[in-house]
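Just so it is clear, none of the values below were taken in a lab; they were calculated from the coordinates. Owing to the predicted nature of the structure, the values given are computational and were not obtained by experimental measurement. Neighbour counts are summed over all protein chains in view; Cβ atoms, including those assigned to glycine, are modelled from backbone coordinates with ideal geometry.
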């Protein structure tokens, strides 16, 4: 694939939300350290922060919505990891299960901008299920196109945060500039130690 990635703006929004939910709510490793994920009151705050990434309005998130979205984030992590490793069958099985569980359905909505926009909602339009259904649909659209390879897991040591690669050359390997800098600094130190 050459040229700029052409994610539809709404699809990029829900993919970015999926990435943010996975990175902020699932345990693992982040930036070289263990990451346990938020608990208790911090879970609702982290969920609202994830849904407010990229300049979206930061919603009020209840404890119940946060717990639901944390469970969905763990399932979406499976999709990112499977897509990253090239196991599209496993990724598709999980996305299909998410689509069924959220009862995601396409709907044209008129928003503040002129015209209609395609959104995905669940049978109930609660905050949690609406975002879960939208994220599931965004992942399905990525997996069902040539953009599946754009879902990745950080290549830095001791980091398993995920990313959506919207770069021109599909060469993104890290979740953040910090992880990229950590790897470059370690490689630089290793080269200096090898030089007499």
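Using DSSP, restrict attention to beta bridges with both residues in region 82-196 and report what percent are antiparallel, rounded to the nearest 5. Don't skip to the answer; put the middle values down first.
On the way: 9 of 9 bridges.
DSSP beta bridges in region 82-196 are roughly 100 percent antiparallel.
Report the residues of region 13-57 in range of a label on residue 172: point 7 Å along Cα→C-beta, backbone N strictly under 15 Å from it.
Residues passing the 15 Å test: 13-24, 53-55.
Just to confirm the number: angle between the C-alpha axis of helix 177-194 and the first principal axis of the chain, 0 to 90 degrees, nearest 10?
Approximately 10 degrees, to the nearest ten.
Just the number, please: Stokes-Einstein D of the chain in µm²/s, Kirkwood Rh from C-alpha pairs, 25 °C, 0.890 mPa s.
Working: Rh = 17.5 Å.
Answer, rounded: 140 µm²/s.
On a 0 to 90° scale, report how tilted helix 63-85 is relative to the longest principal axis of the chain, with both axes built from alpha carbons and the result rounded to the nearest 10.
50
Taking neighbour Cβ counts within 10 Å as the exposure measure, how do 81, 42, 60, 94 sort from fewest upward? Intermediate results must be reported in sequence, preceding the final value.
On the way: 81 19, 42 11, 60 8, 94 22.
The order, fewest Cβ neighbours first, is 60, 42, 81, 94.
Compute the acute angle (0 to 90°) between the alpha-carbon long axis of helix 127-143 and the principal axis of greatest extent of the alpha-carbon atoms of the chain; round to the nearest 10°.
The angle comes out at about 60 degrees.
Taking Rh as the Kirkwood radius computed over C-alpha pairs, what is the Stokes-Einstein D of region 97-196 at 37 °C in a medium of viscosity 0.692 mPa s, expressed in µm² per second?
Details: Rh = 16.5 Å.
Result for D is 199 µm²/s.
Over region 9-194, what is the relative contact order in percent, taking alpha-carbon pairs closer than 8 angstrom and at least six residues apart?
On the way: 285 pairs, mean separation 42.8, N = 186.
Once normalised by length, the contact order is 23 percent.
Stretch residue 107-residue 190 to full length: gain in nm at 0.36 nm per residue minus the Cα-Cα span? Walk me through the intermediate numbers first.
Numbers: separation 83, 0.36 × 83 = 29.88 nm, distance 5.34 nm.
Additional length available on full extension: 24.5 nm.
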